[in-house]
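Undergrad: Would you mind keeping the following structure in view while I ask a few things?
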Amino acid sequence: MKQEVSFGNGRYDRYHIDTQHVPDIVSWPTRFTVKVGKIGLARELISEIFHHGLKKKEVITSRPCLYGVFSGPVGGFSPRPEHCVGCLRCTTEYPDFVSVSHNPERKKLGDSFFTSNYIDAISYEVEHGMIPVKGAGYRGKFGGEGWDGMWTDMSEIVRPTRDGIHGREYISTDVDIGFRPNFLKFDPEGRPVGPTPRVISIPLPMFIDAPPASVSTELFFKISAEAAREVQSLAVIPLGAVLKYNLEGEHTIPLVKAGEEEGLELLSSTPLMIEIDGWDEQLFQKISSLFPETLVCLRTVFKSPPELLDYHKHGIHVFHFLADYDGWDQEGNFVLDAIREAHKAFVEAGVRQEVTLLGSGGMIAAEHIPKAIICGLDAIGLDTPVLVSLQAEFLGECADRKTSQFNLPTNLTLEWGVQRLMNLMASWRDQLLEISGAMGLREIRRMRGEVGRAMFMLELEQEAFAGIEGYDIN
Ligand code: SF4
C-alpha cells in the first residue's frame, strides 16, 4: 500500500502497510499466572480507603497494576492475567500477598525450536502490528546456538538521519528477484544483444511460502494470496491450488512438480515467476517454452557449490533454498551457515549479481530477517511464522517439512487471517528499518552479504581462546 507524503511542493509515495488491532481468535493460555492473597489484599484496600476515602475507589481497587490486571469488577479478588505483561511491579510493592509466575501451560505452545518466547513475540506483533517493546532491558544470554551466535554491528553514530527512520528520509526495503547479467552488450546500432535483466521488485524482503500439507486448505491459500496482494509481495502456492481456487495473479507464484506440466497450459495468464519443486530438465524446458518471459525459481534443499553452479549453467537464476522448520539442513548445518556457503559459492564464481537467493526454514523472528540477509539471502519465504500468526497448533515436534503436522483454528476467517499476516509483515519490516537505521544502511539491497557488519560468536571465541587449555572449539 502506498502512503502519499507531501514535502514542500513535492510529493512522493511511501510504502506503508496498514495495520489494525486484530485480537486472537483462539484463547491461548496466558503468559503469566497472577495469584493474590485475599486477606492481604483486603487489608491493603481497607488501609487505602482509610487514607484516601471512597472517592478514589476505582483507582484504589485497580492498584498497583497499570495494565488492568486488577481493574475487573471485583479488582484484585479476581485478577485478569490475560492483561499481565510481567512487569513485576505488584510483586515488588506487595511481596507478601501477590505472586506472578510464568504459566507452564503457555510453555507448551510451539515446539522445542519455535518456543513460546518466539510465539509470544509474534502473538504481540500480529495482534497489534507494532514492534514489541520489552522495556526492562535484556536479562538473557548474549550468545548461543543458531541465530543467537550471530550479532549485528550497530551504532547510533552511523544513523543515516536525524529525522528518524519514519521521518522525511526514507530507508528502502525494496528487493529485486530475478536475473541481472554482469555486463550488457550492444550491437553497433546500440541495441542490447545477449541476456538482458529480468527482475521482479517487491517492497519488502519477505514473501509467503507454500504451507505444509496438513494446512493446505482453500482458506489458507486465499489468505496467503490476499495478504501477498495487500502488501505487494508474493505467495508461493501449488499449481493445483492456483487453478482449483482461481488464485492466479501477479502476486501468486505457482509451485510446480515434475509431472504437472499439463496444468501449466491451463493458466490463463503469464506468471511473473514459477517455482519448480526440485530440478527437472524437462519441466524447466516446458516452462521456458510456454512462458519465455517468466522467471523460473528452483526450490531445493541447500546443495554443494558445484551443484549450485551447475544449475546456474543450466539457466537457473533464482534459487529458493529450504532448511527444515527448525533451521537445520540435511547435512546437519544450521541455515545461517548454509546460506553463507551458498552465497560464497556464487561470489567466488563471480556470478552473485546474476542470481537471487531466497530461503525458508528456521527464520522465525524479526531479527532473523536482517541476519539471513547479511548472510547472503535476498528475501525470506515465511513459513511457520505464518502458521503461528494464524494461531495454528503444533502437533508434536515440527521440524521435518514432510511430516510436520499443524492444526488451523476452526473459526479462521479470510479477513482476520489477511490482517494478521499484514500486521506480521508490517511489524517485521519496521524492525528491519530499525536495524538498517542503526547500521547506517539506506537500503536493504546493500545489507545483502554485508558480513563485515556482523560478528559471529564462534569466530570471536576462536580468535580469543584458541590454543588456550580448556577451550573446546566444538
Ligand atoms: S506483573 Fe505487572 S502487569 Fe502483571 S499483574 Fe503485576 S503489575 Fe500488573
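Undergrad: Can you list the HN-Hα couplings for the range 400-408, worked out from phi with the Karplus curve (6.51, -1.76, 1.60; θ = phi - 60°), rounded to whole Hz and with x for Gly and Pro?
TA: 6, 5, 7, 10, 5, 10, 10, 10, 7
Undergrad: Output the pairs from Lys286/Lys313; Lys371/Lys402; Lys35/Lys141; Lys257/Lys286 with a Cα-Cα distance over 19 Å in this structure; if there are none, say none.
TA: Lys371/Lys402; Lys35/Lys141
Undergrad: Tell me, Ser78, Ser404 in order of fewest to most beta-carbon neighbours within 10 Å?
TA: Ser78, Ser404
Undergrad: Further question: Could you work out how far the C-alpha centroid of the range 370-420 sits from that of the range 249-292, in angstrom?
TA: Comparing the Cα centres of the range 370-420 and the range 249-292, I get a distance of 24 Å.
Undergrad: Dipole of the range 191-337 (Lys/Arg Cβ +1, Asp/Glu Cβ -1, origin at the Cα centre): which of Val199, Phe321, Ile237 lies farthest to the positive side?
TA: Going by the charge dipole, the pick is Val199.
Undergrad: Using the 10 angstrom Cβ neighbour count as an exposure proxy, how do Trp147, Trp428, Trp28 rank, fewest first?
TA: In order of increasing Cβ crowding within 10 Å: Trp28, Trp147, Trp428.
Undergrad: If R0 is 41 Å, what FRET efficiency do you get for Glu348 and His102 from their C-beta distance, rounded to 0.05?
TA: Computed FRET efficiency for Glu348 and His102: 0.30.
Undergrad: I need the GluC sites (Glu not before Pro) found in the range 365-474, filtered to DSSP loop residues with at most 10 other beta carbons within 10 Å of theirs.
TA: Listed in order of number, the matching sites are Glu469.
Undergrad: While we're looking at this one, here's another question. Which of the GluC sites (Glu not before Pro) across the range 284-362 are loop residues per DSSP, with 12 or fewer other Cβ within 10 Å?
TA: Glu293, Glu331
Undergrad: Another question about this same structure. On full extension of the chain, what length is gained from Asp148 through Glu469, given 0.36 nm per residue of separation minus the C-alpha to C-alpha distance?
TA: 113.0 nm
Undergrad: Each residue of the range 277-285 in order: what ³J(HN,Hα) in whole Hz does its phi give by Karplus 6.51 cos²θ - 1.76 cosθ + 1.60, θ = phi - 60°, with x for Gly and Pro?
TA: Whole-Hz 3J(HN,Hα) from phi for the range 277-285: 8, x, 6, 8, 4, 5, 5, 4, 5.
Undergrad: Over all directions, what mean area does the Cα convex hull of the chain project, stated in square nanometres?
TA: Over every viewing direction, the Cα hull of the chain projects on average to 30.7 nm².
Undergrad: Separate question: What does the convex hull of the Cα atoms of the range 201-337 come to per residue, in Å³, rounded to a whole number?
TA: Output value, Cα hull per residue: 122 Å³.
Undergrad: Can you give the helix-only mean residue ellipticity at 222 nm for the chain, where every DSSP H stretch with n ≥ 4 adds -39500 (n - 2.57) and the sum goes over all residues, rounded to the nearest 500 deg cm²/dmol?
TA: -9000 deg cm²/dmol
None of the figures in this text is laboratory data; all of them are computed from the coordinates on show. As the structure is a prediction and not an experimental result, all values here were calculated from the model. Positions of Cβ are generated from backbone atoms using ideal geometry, with glycine treated the same way; all protein chains shown enter the neighbour counts.
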